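First comes the structure, then the notes that go with it.
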Amino acid sequence: MDPYYVTTPIYYVNDRPHIGHCYTTLIADVAARMHRLIGRDVFFLTGTDEHAEKVVAKALENGVSPQEWADRNAAEFKKAFAFMNFSNDDFVRTTESRHTTRAAAYIQKLVDSGDIELGDYEGWWDASQEEYVVENVAKEHDYKSPVTGRPLEKRTEQNYFFRLDHYAAWLEEQIADDAIRVLPEARKNEVLGRIRQGLQKVPVSRRIKEGDADWGVKMPNDPAHRVYVWIEALCNYLTVVDTDDRIKYWPADVHLMAKDILWFHAVIWPAMLKALGREAPRVIYAHAYFISEGRKMSKSLGNFIEIDQLRAYADRFSLDALRWFLSTQGPLGANDADFAYQRFVEVYNADLANGIGNATSRVSNMIAKYFEGKVPEPSDIVVPGESGLDPRDGTTGVAESFTGHAGAMRLGEALAMGTDRVSLVDRYINQTRPFSIAKQIDKGEHPEPLRGRAELGAILYTCAEALRIASLLLYPAMPEKMAELWRRWNCPHLVDPADCNSAFVAPLAELAQWGGRYGLKAGQEIAKGDALFMRADPAEPAPDAST
Ligand code: MSP
């Protein structure tokens with residue numbers, strides 16, 4: 001199997017992390033965990049983008065050096081990501097020399113090849129986004145930032161330029177043919193539309209002015225110029241793996257981000273790579289935004305969902321419940337998604353408390369009661385439900401379908417394979433009524449008690465094994481809770497059962513084999529325990545970060 005490389009944007013360190021940063025990184029984490037489960041060698045990269053002008057401005061405001069400010073907030077990002085249990089293999093900070101030296105070398109190479117050249121530039125500068133806005137877009141937005149609405153400034157300067165215009169035809173072809181897949185589909189059409197309007201050369205540097213903070217990477221051929229932060233930042237995806245032992249991960253399988261920064265990733269970055277003679281990333285995936293209780297989150301409304309609020313949800317419902325809600329209800333598609341408390345409780349109760357949580361305790365309780373906590377014989381008896389319902393159905397194709405969904409970033413569909421199997425088990429129990437069979441045997445009312453006992457065993461084996469397979473599919477979103485279940489049920493899926501982040505002992509195709517080498521064995525002990533998820537009362541007020 002080929003290695004798998006997934007990235008998130010590297011986040012600005014002018015401020016602390018919030019739900020948006022956590023969301024994209026969570027999606028990357030879920031995708032990374034899915035591919036590790038499938039059996040691929042995964043590299044998952046996230047990090048911080050530190051050389052922005054707004055970092056200098058914030059540092060000044062707070063009376064510290066840019067480096068100190070960056071250190072402080074990079075630490076906040078690391079802390080937030082550890083809290084979210086992200087399994088990133090590395091965390092890059094663009095102030096690290098492993099990044100800056102290689103980024104400078106790429107830029108020198110582009111100067112040498114003539115892809116970067118000196119020229120005059122006059123344009124609309126969006127200080128809030130640290131980017132130039134092209135004339136027609138500036139005009140369309142009344143010369144205000146299309147993202148933040150702040151006024152644009154006219155700037156004229158002598159800059160180095162990247163000849164993006166040389167790559168228009170190549171980009172159009174690559175994207176139209178899905179050699180570089182831009183997803184979701186709606187985003188691909190937008191990008192193609194813009195490319196077809198024509199591409200201009202892109203400024204990649206600014207002349208350093210007197211009094212400018214010494215912050216950022218200088219043009220390697222002309223130290224009077226500083227490399228524009230975006231150009232340097234994009235290089236992180238390559239600088240971090242451009243080493244003998246990591247280059248096997250290039251090209252990236254997926255660059256993840258929200259739609260705000262799609263252009264840089266789908267157009268400028270692939271063109272830079274082409275000019276460098278490197279392969280382009282395979283998928284550029286730009287999701288939509290999280291909004292909060294129906295309203296766009298903004299600094300002025302003060303309604304950003306901060307880490308403290310996420311912590312309050314995790315304290316009440318468990319971290320994995322929060323991860324579940326964000327990853328299944330988030331804006332992974334083309335539409336924005338709402339972070340709303342009532343919806344959270346609904347999803348929590350339906351999928352977790354009444355779903356996997358209830359099904360696993362129901363089955364382990366019955367196994368405790370009727371089989372002394374030991375997995376019963378699977379037996380040859382097949383007991384289908386009333387409508388022929390059988391939780392074994394489709395288990396042979398599980399690894400293949402899951403791999404298909406994960407590879408195409410249909411993470412919701414992949415996870416739904418887990419919840420669907422849980423509901424199947426629920427319906428199967430309701431139809432086959434193992435508790436009634438047990439009661440009949442107990443009271444001496446069963447016409448064939450031996451047969452009844454074998455049937456009871458077969459039903460419970462079927463339920464438990466189906467739930468074991470479901471739990472594998474749910475793991476990427478809920479690693480702690482599923483590892484907890486595997487400890488109780490003695491399932492040997494992880495190299496270190498005590499560590500939910502340890503490697504899998506075998507690929508999904510083997511782990512998910514019904515009654516296979518890693519399947520439940522007759523006689524194996526299954527401990528009951530507290531419910532994995534306690535039911536939530538929707539009448540209770542939302543968790544409050546301040547209490
Ligand atoms: N530093 C640049 C990225 C450089 S990548 C080479 C940057 N940083 S950022 O801190 O502003 O992060 C933007 C990203 O944060 C978005 O693309 C998205 O991944 C995430 N989100 C920020 N707000 C968000 C929401 N409200 N909802 C979902 N994700 C959002 O841009």
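Quick notes on this structure:
- Think of a 1.4 Å ball rolled over the protein heavy atoms: the chain then has 42 Å² of accessible area per residue.
- Extended-chain gain in nm, criterion 0.36 nm per residue less alpha-carbon gap, residue 76 and residue 506: 151.3 nm
- Rounded if a/c under 1.5, otherwise prolate or oblate - the stretch 129-186, Cα gyration tensor axes: oblate
- Cα gyration tensor shape of the stretch 446-547, rounded if a/c is under 1.5, else prolate or oblate by comparing a/b with b/c: oblate
- As a calculated quantity, the FRET efficiency between residue 382 and residue 296 at R0 = 60 Å, using C-beta atoms, amounts to about 0.65.
- Gain on full stretching of the segment that runs from residue 374 to residue 141 - 0.36 nm per residue minus C-alpha separation: 77.2 nm
- Theoretical FRET efficiency, 1/(1+(r/R0)^6), r = Cβ-Cβ of residue 194 and residue 108, R0 30 Å, to 0.05: 0.55
- Across all Cα pairs in the stretch 1-160, the calculated P(r) in 10 Å bins from zero up to the longest distance comes to 10, 26, 33, 25, 7, 0 percent per bin.
- Where labels lie 7 Å past Cα in the beta-carbon direction, separation of residue 120 and residue 60 in nm: 2.8
- Here the stretch 1-47 is described by how far its Cα atoms reach on the three principal axes: 39, 14, 8 Å, from widest to narrowest.
- Under 5 Å, built H, 5+ apart or other chain: amide partners of residue 161: 117, 118, 119, 204
- Mean separation of Cα contacts under 8 Å (6+ apart) over length of the chain, as relative contact order %: 15
- Our summary of shape: the Cα atoms of the stretch 325-393 have principal axis extents of 49, 26, 19 Å, ordered from largest down, in whole angstrom.
- A straight Cα-to-Cα reach below 28 Å connects residue 274 with the lysines 109, 188, 201, 218, 248, 259, residues fewer than 8 places away in its own chain not being considered.
- Principal axis dimensions, the chain - Cα atoms, whole angstrom, descending: 94, 49, 39
- Pairwise FRET efficiency - residue 278 versus residue 389, Cβ, R0 = 56 Å, nearest 0.05: 0.60
- Distance in nm between pseudo-label sites at residue 334 and residue 522 (7 Å out along the Cβ direction from Cα): 5.5
- Placing a label point 7 Å from the Cα of residue 134 along the Cα-to-Cβ direction, the residues of the stretch 191-208 whose backbone N falls under 12 Å of that point are 191-202.
- Residue-averaged [θ]222 nm for the chain, counting only DSSP H segments that reach four residues, each worth -39500 (n - 2.57): -13000 deg cm²/dmol
- Cα-Cα over 25 Å, subset of 79/481; 481/528; 369/521; 296/481; 58/209: 296/481
- Our estimate of slack between residue 445 and residue 410, defined as 0.36 nm per intervening residue step minus the Cα-Cα distance, is 7.6 nm.
- Cross-link partners of residue 144 among lysines, defined as those whose alpha carbon lies under 16 angstrom from its own and excluding same-chain residues fewer than eight positions apart: 154.
The values are calculated or read from the model by the stated rules, or taken from the named source; none is laboratory data. As the structure is a computational prediction, the values presented were derived from the model and not from experiment. Note: ideal-geometry Cβ built from the backbone for every residue, glycine included; neighbour counts use all protein chains shown. Keep in mind that these areas ignore ligands, DNA and RNA; they rest on the heavy atoms of the full protein, side chains included. Shrake-Rupley method; radii C 1.70, N 1.55, O 1.52, S 1.80 Å.
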